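Read the structure below first, then the notes.
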Amino acid sequence: MRSEIAWAVRHVVGSPRRLAYLLAGGVPDVAALSKFLLAIVPRASRELRTIRARAETIADVHLRRQALDSIRAKSYHAAGAGVLAAFLPSAQAARYVDIVVPLESIYDYLDNLCDRHPNVPAAAYPVLHGAIADALDPSASPGDYYAAGPGGDDSGYLRWLVDRVRARLAAVDGYERLLPNFREAALLYGEMQTFAHFRPDEREAACKAWFELRFDARFEALTWDEFACAAGSQLQVYAPLFELLADGADALDATYDAYFPAIAALHVFLDSYIDQAEDRAGNDLNFAALRPPEERDRRVAVLGALARRGIDRLVRPAPHRFTMRIMALFYLTHPKVYAQGLDSEAQVLLGLI
């Protein structure tokens, strides 16, 4: 985790356009970035080491491989999940990180199972993703997440992660106020993962039909794939949790609405953007590769404008502006960008967000 972040920081500093984008937030953003790097990332790293040690005990070789690969390849997700903690007092920042890092590990582990495990039937996708719904609702009765597959003994790893999140979330005063939005986020995330992992000749049609089924006024400005991106994000979970810990209980719904769908859609688009080569190799659905570059850039600009408008309506927009800026910078300065020869294109995209 730290090596990836250090690499990104060096390349931001070495790129005039990226450095200007970072410094546009002024001294407060520089201070927040310093706290993130010096306090939040080390705590997230410690929690991730504990999770990695637990994953190493998984009995089944395929499940163990996917758990460890998801930690190794996606540790930057765990760091990114903690960005908002830079705006919390130390004790609350620690509580936030201790919830979002194991929660992010659930998301990443399930994503790896669906993408890379050799034997996950389509019927297993919604059952597996019940783990996210259970993690986000400490009052729910935990299910059997492997009931529909894949086979093998995970030595209690997934349930351990779920219980770790549930116990810590339940200790947050007023967490019940998060549940309505959390339930929607978990439902849509599980549905998105299910339809996006259908067979290549079925998945786009399935996603389009799902968009029509779930369509409401919030999604009028979106296309089907942007809706899928929004549903596939975790940020609409992390941001309201941040507000609750920041004594912003009156802003929970407004924050959820600011992130979902626009910021969430940008998040997963950027994640797909840096994974284009990997997804081509795995024949996976990649949301950043569906349009010609000119149309893609136009849609990114639309989402960027919607996201900024949503943030501007918040009572305390500064932490969320910072999060959006760091999200864009981190993804568009990722080593995968340079490995795929996308540096110039990524700088253009940065200017649209």
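Below are the figures for this structure:
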{"item": "Which numbered condition Y125 misses (of (1) touching a Ser or Thr at 6+ places or on another chain (Cβ under 7 Å); (2) open to solvent by 40 Å² or more (accessible area, probe 1.4 Å))", "result": "(2)"}
{"item": "Residue in the stretch 9-26 that is in a loop (DSSP other than H, G, I, E, B) and without any contact (Cβ under 8 Å) to a residue 60 or more places away in the chain present", "result": "yes"}
{"item": "Selection within the stretch 318-328 - hydrophobic (A, V, I, L, M, F, W, C) and open to solvent by 30 Å² or more (accessible area, probe 1.4 Å)", "result": "A318"}
{"item": "Residue check for G143: in a loop (DSSP other than H, G, I, E, B) and on the phi > 0 side of the Ramachandran plot", "result": "no"}
{"item": "Residue in the stretch 236-248 that is at pLDDT 95 or above, small (G, A, S), under 12 Å from the mean Cα position of the chain (by Cα) and crowded, with 20+ Cβ neighbours inside 10 Å present", "result": "yes"}
{"item": "Enumeration of residues in the stretch 144-168 that are under 21 Å from N181 (Cβ atoms) and without any contact (Cβ under 8 Å) to a residue 40 or more places away in the chain", "result": "R166, A167"}
{"item": "Criterion: small (G, A, S), more than 20 Å from A67 (Cβ to Cβ) and at pLDDT 95 or above - qualifying residue of A131, A135, A170, A147", "result": "A170"}
{"item": "Selection count, the stretch 27-60, where residues are loosely packed, with under 13 Cβ neighbours inside 10 Å and in contact (Cβ under 8 Å) with a residue 60 or more places away in the chain", "result": "1"}
{"item": "Within the stretch 84-119, tally of residues that are free of Cβ contacts under 8 Å to residues at least 60 places away in the same chain and either under 23 Å from G149 (Cβ atoms) or open to solvent by 10 Å² or more (accessible area, probe 1.4 Å) (or both)", "result": "13"}
{"item": "Close pairs (7 angstrom Cβ cut-off, 6 or more residues apart or separate chains): within 11 Å of L342 (Cα to Cα) in the stretch 267-282, of a type in the set (D, E, K, R) and at pLDDT 95 or above anywhere", "result": "none"}
{"item": "Subset tally (residues that are buried (at least 16 other Cβ atoms within 10 Å of the Cβ), more than 20 Å from the chain's Cα centre (by Cα) and of a type outside the set (S, T, N, Q)) for the stretch 329-342", "result": "1"}
{"item": "Filtered residues of the stretch 160-195 (kept if assigned to a helix (DSSP H, G or I), of a type in the set (A, V, I, L, M, F, W, C), farther than 19 Å from D279 by Cα and open to solvent by 20 Å² or more (accessible area, probe 1.4 Å))", "result": "W160, A167, A170, L187"}
{"item": "Evaluation of V302 against (1) closer than 20 Å to A328 by Cβ; (2) within 20 Å of the chain's Cα centre (by Cα); (3) among the hydrophobic types (A, V, I, L, M, F, W, C) (one fails), failing number", "result": "(2)"}
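The values are calculated or read from the model by the stated rules, or taken from the named source; none is laboratory data. As the structure is a prediction and not an experimental result, all values here were calculated from the model. Using ideal geometry, Cβ is built from the backbone for each residue, glycine included, and neighbour counts are taken over all protein chains shown. The accessibility values were calculated without ligands, DNA or RNA, using every heavy atom of the protein model including side chains. Shrake-Rupley method; radii C 1.70, N 1.55, O 1.52, S 1.80 Å.
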